[in-house]
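First the structure, in the form of structure tokens, and then the observations on it.
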Amino acid sequence: MRPSGRKLDELRNVSIETNVTMHAEGSCIIKMGDTHVICTATVEDRVPPFIKGTGQGWITAEYGMLPRSTGSRMRREAASGKQGGRTVEIQRLIGRSLRAGVDRLSLGERQITIDCDVIQADGGTRCASITGGWVALRIAIDELLKSGTLSNDPLISPVAAISCGIYAGQPVLDLDYSEDSEAGVDGNFIMLGNGKMIETQISAEGATYSRDQLNSLINLAEKGTSELFNIQQASRI
């Protein structure tokens, strides 16, 4: 039995509310259970020096957790003068995951920055950030198409992410913190809308896993991301 009472293959309650800020070209708040993340997209007519002159655009991301997004207050990273290794790793993951769904030549030489700010954390913050980040990106691109700035849609596929793991000896979908902290195996799966994988991150957290268990986790991830793609689409109607 899962602590939440959910079925093994059941997502937490997921909702995505769009256009939650007045200034960003695209924005949403995604809620996956008690994990809540605000995602915004900012469009700039510039690109990093390493791709300047190539005609390609760039998608990048920044990620952060508010001090009381967790049970006890965390010190702001700005107060220490540098980002922690976990933060850097997650924002790089968000950026490269979203780039996998973009035709950067069609985007042209412009940069879109996805900011993901965790306001409440209960496990799966990086997956929520990627899933919500794509919605913010989609909204920003829609605005560029509407204004005539872009003539062709550079988004080739939606992107979503979900966690899966082995909890109490059983493969489960969408771990919350109580499960994540006790899971024998923990994984994050990032996928395109066509079912292809962008990235998988799986680690033994106290127990090894078999090939059959890995296949079970992949099957759960496919089911979970399929549901998330539908929720992403519905959020824009």
Please verify whether Asp117 is without any contact (Cβ under 8 Å) to a residue 60 or more places away in the chain, charged (D, E, K, R) and out of contact with any Pro (no Cβ under 9 Å at 6 or more places or on another chain), treating the condition exactly as stated.
no
Residue pairs within 6 Å by beta carbon, gap of at least six or interchain, first lying in region 215-237 and more than 14 Å from Ser157 (Cβ to Cβ), second surrounded by 22 or more Cβ atoms within 10 Å (Cβ to Cβ) and among the polar types (S, T, N, Q), listed first then second, are none
Check Arg46, Arg75, Arg68, Arg6 and return the single one that is of a type in the set (Lys, Arg) and surrounded by 14 or more Cβ atoms within 10 Å (Cβ to Cβ).
Arg6
Residues (under 22 Å from Thr70 (Cα atoms) and over 16 Å from the mean Cα position of the chain (by Cα)) located in region 178-197:
Ser178, Glu179, Asp180, Ser181, Glu182, Ala183, Asp186
Regarding Glu199, is this residue more than 20 Å from Lys31 (Cα to Cα) and in a loop (DSSP other than H, G, I, E, B)?
no
Give Asn219, Asn194, Asn230, Asn215 a once-over and let me know the one that is part of a loop (DSSP other than H, G, I, E, B) and of a type outside the set (Phe, Trp, Tyr).
Asn194
Out of His23, His36, I need the residue that is within 30 Å of Asp103 (Cα to Cα), at pLDDT 95 or above and exposed (fewer than 12 other Cβ atoms within 10 Å of the Cβ). Which one?
His23
Limited to region 70-91, what total is found for residues that are touching a residue at least 24 places away in the same chain (Cβ under 8 Å) and under 17 Å from the mean Cα position of the chain (by Cα)?
3
Of (1) charged (D, E, K, R); (2) surrounded by fewer than 16 Cβ atoms within 10 Å (Cβ to Cβ); (3) within 22 Å of the chain's Cα centre (by Cα), Lys31 fails just (2)
Residues that are hydrophobic (A, V, I, L, M, F, W, C), more than 23 Å from Arg138 (Cα to Cα) and free of Cβ contacts under 8 Å to residues at least 40 places away in the same chain: does region 21-30 have at least one?
no
Criterion first (aliphatic (A, V, I, L, M), farther than 24 Å from Asp153 by Cβ and in contact with a helix residue (DSSP H, G or I) (Cβ under 7 Å, 6 or more places away or on another chain)) does Ile90 satisfy it?
yes
Lone qualifier among Ile130, Ile94 - being surrounded by 24 or more Cβ atoms within 10 Å (Cβ to Cβ), part of a helix (DSSP H, G or I) and without any contact (Cβ under 8 Å) to a residue 60 or more places away in the chain
Ile94
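The values are calculated or read from the model by the stated rules, or taken from the named source; none is laboratory data. No experiment lies behind these values; they were computed from the predicted model shown. Cβ atoms come from the backbone with ideal geometry, glycine included; neighbour counts cover every protein chain shown.
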